[in-house]
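The values are calculated or read from the model by the stated rules, or taken from the named source; none is laboratory data. What you see is a predicted model; the values in this text were computed from it and never measured. Quick reminder, even Gly has a Cβ in these numbers, built from the backbone with ideal geometry, and neighbours come from all protein chains shown.
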Amino acid sequence: MKNLVKISLVLAAVALTLSGCNCFKKMGKKQDEVTYSCTPKVLTLNNGVVSADITVNFPAAYFNKKATLRLTPVIVFEGGEVAGTPKYVQGEKVNDNYTVISADNGGTYTQHVEFPYDDRMEQSELRVLIESKCNGASEYVMFNAATGKPVTKEEAAVLANPKSAEAMALRAQCGVFIAEGVNTMQKDFNFGDAAATAANNYKRTTNQVDKADILYKINSSVVNQKALKENEQIAEFEKTAVANKENDRIAQSLYVNGYASPDGPEKFNDKLASARSETGRKAVEKILAEYGFNIDAAGYGEDWEGFKEMVEKSNIQDKDLILQVLSMYDSSAERENQIKNMSSVYGELKEDVLPKLRRAQLVNNMEITGKSDAEMLALVNSGKLDELNNEELLHVATLIEDNAVKAKVLEYAAKKYDDSRATHGNVSRVFFAAFSDGCAGRGIVLPFAGLRLKKRGENLE
């Protein structure tokens, strides 16, 4: 029996891998239409850190609605590599919280990446590795960016040993070239540490997700209209969606995901989940009828992920045993049988957990675009610093070449937000540049020096 379970798990993994490939098949054919750019074009060492801003643009009619991509920045050099934080993007029908890329219109994202410096990086390249999976798949599949095709079985076997020289060479070959080299000039100056600029957390684009649930009775896809009107989640969902419609900086995608609780026949539950997605969509469309929203709907069958999450957060007796069952069995029927055999806890699950999974989940995936560099600079030039928040002030300071203006911005940030990055980190670059200008430059840094000494209880003469 154990051997049969192992074989089934292997077959399931193979099937999921193949589904990931199929998901990316059409996208792979148009891979050369995806554009990548990097700022700076030659990577630069700054205070022991190599950083860059990567921008990826996906064209219209490219992204699969059911696909999720994992894009990992990697600095590749002879004998090694350093991977940065991956960026995840998803299609419109993926039930996750990543940046959504429109199938019809495409989309763009910018990612700030940082790597600890290694001397071998002087001769290096920055590349982006692309991996894909479809809804339902558990593993990502790596693709060769040059060919737009998944790695072969033989290549997958090489990648299974990730620290080997062969695996690193293959990943470098599969990745998209972004930038090269590392400018290490800063190492050669004694003032390197003093001239370093502290990082800011400004993000041009952020992602936010708003959710609300319509609950159903067991085995039913009929919306309870009275409960719907009294549902505060739905009211807030409507309020947010309507307000966003008037905001040019917010792009939102609305969809309804139907689910069934994981009890009863799986085929019946699949149909039930699809029916709930449709009745849920009609209910939402009626509520938002006057605003002209386009709402997609899809059924996702038995909500085992939701079940797992609710059990993890609960105080249910023997919850560790329930979670162990979920990890041991892939079959819905086997999972259900094993859990039902736990008579001491099943009654509690039936009462407190399962009813909350009989639902249509309303999802509003919002992509919020912040001020552009040009907009922030315009506010600085017009003296409207009060319209910039802390992270925007720190970010725009990095764009200003005039040391006097830079100092003014950072002084304002330091006083208003009492942020040590402004008073101790970012201003160090201004200090050095100002004093390099001679006596005239000293007038630029004196306000900062006074601010720092004041905090220590000293006076500046």
Item checked: Among (1) out of contact with any helix residue (DSSP H, G or I) (no Cβ under 9 Å at 6 or more places or on another chain); (2) free of Cβ contacts under 8 Å to residues at least 60 places away in the same chain - the single one Pro265 does not satisfy -> (1)
Check: Quick one: is Ala195 outside the structural domain of Ala83 (by TED's automatic domain parsing) and modelled with pLDDT under 85?
Finding: yes
Checklist line | Residues of the stretch 339-387 satisfying the condition of being farther than 30 Å from Ser102 by Cβ, of a type in the set (Gly, Ala, Ser), part of a helix (DSSP H, G or I) and not assigned by TED's automatic domain parsing to the domain that holds Tyr300 | finding: none
Check: Do the conditions hold for Ala137, that is, is it in contact with a Leu (Cβ under 7 Å, 6 or more places away or on another chain) and of a type in the set (Gly, Ala, Ser)?
Finding: yes
Margin query: Can you tell me which condition Ala404 does not meet? The list is (1) more than 30 Å from the chain's Cα centre (by Cα); (2) within 30 Å of Asp270 (Cβ to Cβ); (3) small (Gly, Ala, Ser), and all the others hold.
Written below: (2)
Next item on the list: Taking only the stretch 137-175 into account, find how many residues are touching a residue at least 40 places away in the same chain (Cβ under 8 Å), surrounded by fewer than 18 Cβ atoms within 10 Å (Cβ to Cβ) and either within 16 Å of Gly84 (Cβ to Cβ) or touching a Phe, Trp or Tyr at 6+ places or on another chain (Cβ under 9 Å) (or both).
Entry: 2
Margin query: Checking the conditions here, which among Asp330, Asp352 is surrounded by fewer than 17 Cβ atoms within 10 Å (Cβ to Cβ) and farther than 30 Å from Phe237 by Cα?
Written below: Asp330
Checklist line | Unique match (being at positive phi and charged (D, E, K, R)) among Asp318, Asp270, Asp248, Asp303 | finding: Asp318
Note to self: Checking the conditions here, which among Ala235, Ala227 is over 23 Å from Asn105 (Cβ atoms), within 30 Å of the chain's Cα centre (by Cα) and not polar (S, T, N, Q)?
What the structure shows: Ala235
Note to self: Checking the condition under 20 Å from Gly347 (Cβ atoms), surrounded by 14 or more Cβ atoms within 10 Å (Cβ to Cβ) and among the hydrophobic types (A, V, I, L, M, F, W, C), which residue from Val311, Val284 passes?
What the structure shows: Val311
Check: Can you pull out the residues in the stretch 290-300 that are out of contact with any strand residue (DSSP E or B) (no Cβ under 9 Å at 6 or more places or on another chain) and either over 16 Å from Asn364 (Cα atoms) or of a type in the set (Ser, Thr, Tyr) (or both)?
Finding: Glu290, Tyr291
Check: Within the stretch 171-182, restricting attention to residues that are among the hydrophobic types (A, V, I, L, M, F, W, C) and modelled with pLDDT of 85 or more, which residue is nearest to Asp118 (Cα to Cα)?
Finding: Ala179
Check: In the stretch 25-59, what residues are under 16 Å from Leu126 (Cα atoms), in contact with a helix residue (DSSP H, G or I) (Cβ under 9 Å, 6 or more places away or on another chain) and of a type in the set (A, V, I, L, M)?
Finding: Leu43, Leu45, Val50
Check: Can you name the condition, by its number, that Glu392 falls short on among (1) surrounded by 12 or more Cβ atoms within 10 Å (Cβ to Cβ); (2) assigned by TED's automatic domain parsing to the domain that holds Ser277?
Finding: (2)
Check: Can we say Asn269 is over 23 Å from the mean Cα position of the chain (by Cα) and farther than 24 Å from Gly91 by Cα?
Finding: yes
Check: Would you call Gly91 at pLDDT 90 or above and closer than 27 Å to Ser253 by Cβ?
Finding: yes
